[in-house]
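K.L.:
Okay, here's the structure, questions in a sec.
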Amino acid sequence: MRHTIAHRAAGSLAPRDDDHHLNHVIVALAGGTGGSKMVHGLALANGQADLTAIINTGDDGHFFGLLVCPDLDINLYALAGVVADRGWGYADDTFRCLEGLATYGREAWFGLGDRDLATHIHRTLMVADGATVSEVMDDLCRRLGVEARLHPMTDAPVRTIITTGTGEKRFQEYLVRDGAREEIDAIRIEGLDAASPAPGVLDAIAGASTVVIAPSSPIVSIGTILGVPGMRDAVAARREHVIAVSPIIGNAPVEGPAQKFLRGAGYPECSARQMAEIYTDVCSTFVIHETDADDMPAIEALGVRVVVTDILMPDHAARERLAHTVLGAMA
Ligand code: FO1
């Protein structure tokens, strides 16, 4: 297996005859930082040509008049081999523009790097000229050498709104500006009921040999994707080919404030079993961490096959290894 991704899009240009790609036709459902590691691992294990990722857009918003799509960009940069080590934004970026905006008294809590801003300016100009977010993503993928297809879940504007004791906040305001410290009273996904799946999304799900639900938040990432009208039914129709990776180990999320979102959505329990229960209508197979092996009978009792492995993805080798395990379980 090749690992020279620093010099090219991850998994995209690898010769197909002398490596160990598995030849699955994969659809991944994913959010941002956690999800992109799985998407990247799938690209490393199976190549990019047969990979389609359907990405949450509820975290999107406008900053300084620019349309920013964090989860799409995180996955784009991961597949292009240019994501920063912190898991979001462009590698080795500088923040001179943001510093200048702060000097002018502008709110500068959202870390938009100088190179990253080029993506948002380009996207905003394309949309102003009439392009959809799907069309923008096709263009960004082509220009950054990403062979996989990165689809927004929908081209309609959908925005996750979090209500806490101090009022309503946009998703990034809750997560980044306020540090996700407050308990959540309600989560509302504005625009979701009127949205429809982006072009190509339902066909990709119907035609996939394996659908992978990445270890992203089941509420504000995967839950939002599955909440697009028609999406949950489309995935449920492929249940036998759908595998989900738990975003929870023990009683804690692998990353991010998943417990807060779970509690805010009315789920008091934060566990792999709870995740499996949320996904039981859409997936036949569920991957849990080794230390949760005792939960296996309780999860199997939900009618879901369980795979036990190391689900942590600290580096590229771990991402690829987990992807091989996931795809191997569905072979
Ligand atoms: N996450 C942070 O924790 N702090 C930031 O300042 C920040 C800026 C940012 C800029 C562009 C982008 O594409 C993502 C960014 N993220 C930042 C990540 C983002 O807030 C979340 O991780 C996702 O929306 C959750 O999936």
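K.L.:
Looking at (1) assigned to a loop (DSSP other than H, G, I, E, B); (2) free of Cβ contacts under 8 Å to residues at least 60 places away in the same chain; (3) within 24 Å of GLU320 (Cβ to Cβ), can you tell me which one MET275 breaks?
P.N.:
For MET275, the failing item is (1).
K.L.:
Can you list the helices (runs of 4 or more DSSP H) found entirely within segment 19-138 that contain at least 1 residues being within 30 Å of VAL242 (Cα to Cα) and more than 9 Å from the ligand (Cβ to nearest atom)?
P.N.:
Answer list for segment 19-138: 33-46, 70-80.
K.L.:
Tell me, yes or no, whether segment 167-176 has at least one residue that is touching a strand residue (DSSP E or B) at 6+ places or on another chain (Cβ under 8 Å) and away from the ligand (no atom under 16 Å from the Cβ).
P.N.:
Yes - at least one qualifying residue is present in segment 167-176.
K.L.:
I'm told THR154 meets every condition in (1) closer than 21 Å to THR280 by Cβ; (2) open to solvent by less than 40 Å² (accessible area, probe 1.4 Å); (3) more than 16 Å from the ligand (Cβ to nearest atom); (4) under 18 Å from the mean Cα position of the chain (by Cα) except one. Can you identify the failing condition by its number?
P.N.:
Among (1) closer than 21 Å to THR280 by Cβ; (2) open to solvent by less than 40 Å² (accessible area, probe 1.4 Å); (3) more than 16 Å from the ligand (Cβ to nearest atom); (4) under 18 Å from the mean Cα position of the chain (by Cα), the lone unmet condition for THR154 is (1).
K.L.:
Are there any pairs with C-beta distances below 8 angstrom linking a residue in segment 61-74 that is under 8 Å from GLY32 (Cα atoms) to a residue that is within 11 Å of the ligand (Cβ to nearest atom) and of a type in the set (A, V, I, L, M), with the two at least 6 apart or on different chains, and if so which?
P.N.:
Partner pairs satisfying both residue conditions: ASP71/ALA30; ASP71/ILE55; LEU72/ILE55; ILE74/VAL83.
K.L.:
Of all residues in segment 269-295, which are open to solvent by 40 Å² or more (accessible area, probe 1.4 Å) and charged (D, E, K, R)?
P.N.:
GLU269, ARG273, GLU277, ASP281, GLU290, ASP294, ASP295, listed by residue number.
K.L.:
In segment 235-268, what residues are in a helix (DSSP H, G or I), crowded, with 20+ Cβ neighbours inside 10 Å and hydrophobic (A, V, I, L, M, F, W, C)?
P.N.:
VAL235, ALA258, PHE261, LEU262
K.L.:
Being within 20 Å of MET38 (Cα to Cα), free of Cβ contacts under 8 Å to residues at least 40 places away in the same chain and of a type in the set (Asp, Glu), is that true of even one residue in segment 230-243?
P.N.:
no
The values are calculated or read from the model by the stated rules, or taken from the named source; none is laboratory data. Small disclaimer: the values here were computed from a predicted structure and weren't measured. Please note: Cβ atoms are built from the backbone with ideal geometry, for glycine as well, and neighbour counts cover all protein chains shown. With ligands, DNA and RNA removed, areas are computed over all heavy atoms of the protein, side chains included. Shrake-Rupley method; radii C 1.70, N 1.55, O 1.52, S 1.80 Å.
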